[in-house]
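Beneath this line is the structure, given in structure tokens, with notes to follow.
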Amino acid sequence: MLIRKSSDIRPSEITSEANYINRRDFIRAGAIAGSSLIAPGAIGAVIPDGRLASLPNVTKSPLSTDEAPNSFEDISTYNNFYEFGLGKGDPFVQAENFKPRPWTIEVSGEAEKTGSFDFDDFMKPFDLEERIYRMRCVEAWSMVIPWVGISLADVVKHFQPTSKAQYVAFETLNDREQMPGLRGRSLDWPYREGLTIAEATNPLAILAVGIYGNAIPNQNGAPIRLVVPWKYGFKGIKSIVKIKFMSRRPKNSWNMAIPTEYGFYANVNPEVSHPRWSQARERRIGGSLFASKQDTLMFNGYGEQVAHLYKNLDLRRNF
Ligand code: MTE
């Protein structure tokens, strides 16, 4: 994975989205700011003037951290989304015209219920929750993000995996027209990821559709992306179009690209260094450039909820 120079990092104040509307949207928001943007019950994307729609009926989760979230600006302008370029600021610019609607999610494989679902139909059975989670990137930076999402365990149960299903695989949209990064060979497209069924049904795992109470920005993986907060950020596959229940372990993009550096599990582990850098500490985005790094916690601090999943696994070999 590319590592950016410290000069690429933009320190910014921690502000809530209430105080801050992303610059692009701010210009367009104009007089309609504060108006109700979507019909109750629907999960909106972007209303015609470009503002992100507010999400209805979101409950707060006891699984949230009480750490201060990063600003909406940090979260939506410092991104990894190689389909829209390799630089941290590229997705903010290059995903501006990406269309997260209409959107179809194909569910296939070892499950009783399969098929192609329009995004709104896919979402209907599930409740929206705010989950404020730490995110630790394998590149040794971190953020705190107030996601809005649905429980992945609920999604898995809904599709009724058969006894053969041991894993869930995910794929990102593969559209060269809309995603300029696909013309480059940085990864073998489409971006792919996977979890064991036990990981996918852990209460912490979610599919996120929003940030700060509004629909998720394109650059963060609209309209729906995976969030597994005890794993390195690259497991959090964006803009998902395929979900497949599998009996065998699926491939995952970064493991295919550099198997000596990126594994399948990718659990946050300060004791296992990346071959090119230590994972013991991390830089929290949004803080002062001169602030010292903070210690990285085992399983990103979520050990109580997930350590049991790995009790028979050698975490050095299964990195
Ligand atoms: N998903 C896709 N499809 N393409 C990507 O390049 N980057 C991953 C992950 N999901 C990536 C992706 C990496 S390396 C990280 S750290 C997180 O997205 C970053 O999520 P964020 O930009 O919302 O912070």
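Rule-based calculations on the coordinates, nothing more; no lab input. Note that this is a predicted model, so its numbers are computed, not measured. Here the Cβ is made from the backbone with ideal geometry for all residues, glycine too, and neighbour counts use every protein chain on show.
Dipole magnitude for segment 11-310: computed about the Cα centre from +1 point charges on Lys and Arg Cβ and -1 point charges on Asp and Glu Cβ, it is near 600 debye. Ranked by the mean number of other Cβ atoms within 10 Å per residue, highest first, peptides 52-61, 193-202, 229-238, 309-318 order as 229-238, 193-202, 52-61, 309-318. On the basis of the beta-carbon distance and an R0 of 35 Å, Asp188 and Lys99 show a calculated FRET efficiency of 0.90.
The aspartates and glutamates whose alpha-carbon is closer than 18 Å to the alpha-carbon of Lys113, local same-chain residues fewer than 8 away aside, are Asp121, Asp154.
Under the shape rule built on the C-alpha gyration tensor, where the axes satisfy a ≥ b ≥ c, segment 208-319 is oblate, since a/c reaches at least 1.5 while a/b does not exceed b/c.
Going by neighbour counts of Cβ atoms within 10 Å, the residues Ser186, Ser71, Ser239, Ser288 line up, fewest first, as Ser288, Ser186, Ser71, Ser239. Given +1 at the Cβ of Lys and Arg, -1 at the Cβ of Asp and Glu and no other charges, the dipole of segment 101-159 around its Cα centre is 240 debye to the nearest 20.
If I take every Cα pair under 8 Å that is 6 or more residues apart in segment 11-310, average their sequence separation and divide by the length, what percent do I get for the relative contact order? Over segment 11-310, the number comes to 20 percent.
A straight Cα-to-Cα reach below 24 Å connects Lys99 with the lysines Lys88, Lys124, Lys235, Lys238, Lys242, Lys244, residues fewer than 8 places away in its own chain not being considered.
Amide H to amide H distances under 5 Å link Lys231 with Val268, where only residues 5 or more positions off or on other chains count and H is placed in the peptide plane. Placing pseudo-labels 7 Å out from each Cα toward the beta carbon at Gln294 and His158 gives an inter-label distance of 3.3 nm.
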